[in-house]
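Asker: Once you've had a glance at the structure underneath, I'll fire off some questions.
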Ligand code: BDP
């Protein structure tokens, strides 16, 4: 799905700002049918949960309603008019005045509707958006709703991060011509020093298509006609980790000789290859350094914020990180574009976290149930999961920063039914994108002896907590066990391994001269221990610490004010480990 952009034939209006807001129990059964009767206003983009001082809103389970009026620019009379939501977490429904124009399931991917027939250029309309935050056994991610003694509804789920919901990303009104470019797929390769840029264009009824590739100075370096082809770029400048270079592909749709639409996208020319236990970018072995992250900050929850975007990437650069994983869901498109522009390597993850009933402490009715069964994670869940993969690939396929698809985090890959569940999803991902390797993120207790799916993937990502959840405070035992297990994976699968999570909760300002969990010293020693082991295992091709920053978690006794495994606090202050990581990663970076 194309990101809305301005062009000589397209205009874009941001609908971000303050919208009227209410939870469903506070308004009529059809809140779209008239002005929303509420005194509350919510910021868009932002999760709504922490905006108000009201537990009934923060913990609400079900629909909430957003509303605003929108004026269609008067010059759009002969254009198609679209409404585009970058995300509605986890389900959205959109009304233009009284008419439903689109609904969408899946909290982290965009959706849009052609609303031309429902609006008038120059006129105003009432835009009402319903957003639902419910997670069930057939949603991605999954969860469970229970009814409490007093008849209330409570949401539980199998991941630790808080279930922030609402309109956490931008909403747009945009115009495009009736005959237009509707999709573009770009793939890149190298032939000696010549870059090959394959393109494939879909249009709504164009007679013909022209494409041209400009370099960063705007000079045209290649042109072609036709809906698909390969552009050759002599002496190509590569998109490299840490040294991005972007070309721009301009696609024109024509009716007869007339250019009726034009759309441009950034293109980074680079190759990715998995060879033996190596992960190669542009033919050179690449070692991932960086973090598993979250979209998370105070007050805005998962709301996208460009100030945090810039600052977080500055901190990643300061610490010497070259990559991150979009744990545990697709991030805002602004984040992906920033990574493209700044040469940051991304493991792009689908929102399939918590497909593991053993991890949730039996939340499905408090009993130990199998993860994969008709009553739990089932065929319908897999269909939702497949759709989440389709939408992620459709959204992110053209980002040079994305080098690896992760289709799930910590599933019960040791349980019966895991292979039947995942094999079709791996195949689907490969069909949708034959150019990128596919991975999954393996959970600690499904080790190389018990895992049933690892051989399906090109790269194996491992989350390990020796020294934290196991052998807490005993880094010597932890080191032995970690090394023994990694040698086991290396021996059995002989493919690249990435340590995608290792971390220790750390309270900033808490210190000890001993190996005391939660101290800043312990976090540093814990990470050092992992690094010693990583350096002894050739198949380890990367390390991403859990987590970049402290983040908010669901209510419960297991966390005090959230997950504290951040190397930075939630307000992005470094803990001692940040300085140690900086020494290691900047040394690795400088040696490149
Ligand atoms: C892993 C999960 C991650 C958690 C982390 C932790 O992948 O989402 O936050 O553990 O417990 O199981 O800190």
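Readers should treat all values here as calculations from the given coordinates under stated rules, not as data from a laboratory. These numbers were taken from a predicted model, which means no experiment stands behind them. Positions of Cβ are generated from backbone atoms using ideal geometry, with glycine treated the same way; all protein chains shown enter the neighbour counts.
Asker: When the Kirkwood hydrodynamic radius is evaluated over all pairs of different C-alpha atoms of the chain, what value in angstrom, to one decimal, is obtained?
Answerer: Working: mean 1/r = 0.0399 Å⁻¹.
25.1 Å is the Kirkwood radius here.
Asker: Run the numbers on the range 273-591 and let me know its relative contact order in percent, using alpha-carbon pairs under 8 Å that are six or more apart.
Answerer: For the range 273-591, the relative contact order is 19 percent.
Asker: Below 8 Å between Cα atoms, with a sequence gap of 6+, how large is the relative contact order for the chain in percent?
Answerer: Relative contact order, the chain: 12 percent.
Asker: Same structure again: For residue 476 and residue 1, calculate 0.36 nm times their separation in residues minus their Cα-Cα distance, and state this gained length in nm to one decimal.
Answerer: Stretched out fully, the residue 476 to residue 1 stretch lengthens by 166.0 nm.
Asker: To continue, here is another question. Given only helices, namely DSSP H runs of n ≥ 4 each adding -39500 (n - 2.57), what is the per-residue ellipticity at 222 nm of the chain, to the nearest 500 deg cm²/dmol?
Answerer: -6000 deg cm²/dmol
Asker: A further question on this structure: Run the quick spin-label model on residue 561 and residue 518: label points 7 Å from Cα toward the beta carbon, then report their separation in nm to one decimal.
Answerer: The modelled label-to-label distance comes out at 1.2 nm.
Asker: Report the extension gain between residue 14 and residue 55 in nm, rounded to one decimal, defined as 0.36 nm multiplied by the number of residues separating them, less their alpha carbon distance.
Answerer: That works out to 11.7 nm of additional length.
Asker: Give me the mean projected area, in nm² to one decimal, of the convex hull enclosing the Cα positions of the range 181-270. Intermediate values should be presented prior to the final figure.
Answerer: Working: hull surface 22.2 nm².
Projected over every direction and averaged, the Cα hull of the range 181-270 covers 5.5 nm².
Asker: Using a 7 Å offset from the Cα along the Cα-to-Cβ direction at both residue 311 and residue 30, what is the distance between the two label points in nm, to one decimal?
Answerer: Computed distance between label sites residue 311 and residue 30 equals 4.6 nm.
Asker: Mind checking the log10 I(q)/I(0) for the range 11-176 at q = 0.09 Å⁻¹? Debye, one equal scatterer per Cα, no solvent, two decimals.
Answerer: -0.30
Asker: Please arrange 476, 492 by counting, for each residue, the other beta carbons lying within 10 Å of its beta carbon, fewest first. Please list the in-between numbers first.
Answerer: Numbers: 476 11, 492 15.
Ranking 476, 492 by Cβ neighbours within 10 Å, fewest first, gives 476, 492.
Asker: For the range 273-591, I need the span (max minus min coordinate) of the C-alpha atoms along each principal axis, in Å, sorted largest to smallest.
Answerer: So the three principal-axis extents are 51, 46, 44 Å.
Asker: Nearest 0.05, what FRET efficiency do residue 255 and residue 435 give at R0 = 30 Å with Cβ-Cβ as r?
Answerer: The formula returns an efficiency of 0.40 here.
Asker: Follow-up. Please provide three numbers in whole Å: the alpha-carbon extents of the range 213-318 along the principal axes, with the largest listed first.
Answerer: Between the extreme Cα coordinates on each principal axis of the range 213-318 lie 53, 42, 25 Å.
Asker: A further question follows. How far is it, in nm, from the label point at residue 117 to the one at residue 572 when both lie 7 Å from their Cα along the line to the Cβ?
Answerer: Label-label distance for residue 117 and residue 572, simple model: 4.6 nm.
Asker: If you don't mind, there's one more thing I want to ask. So if each residue of separation counts as 0.36 nm, and I subtract the Cα-Cα distance between residue 278 and residue 583, what length gain in nm does that give?
Answerer: My answer for the length gained is 107.4 nm.
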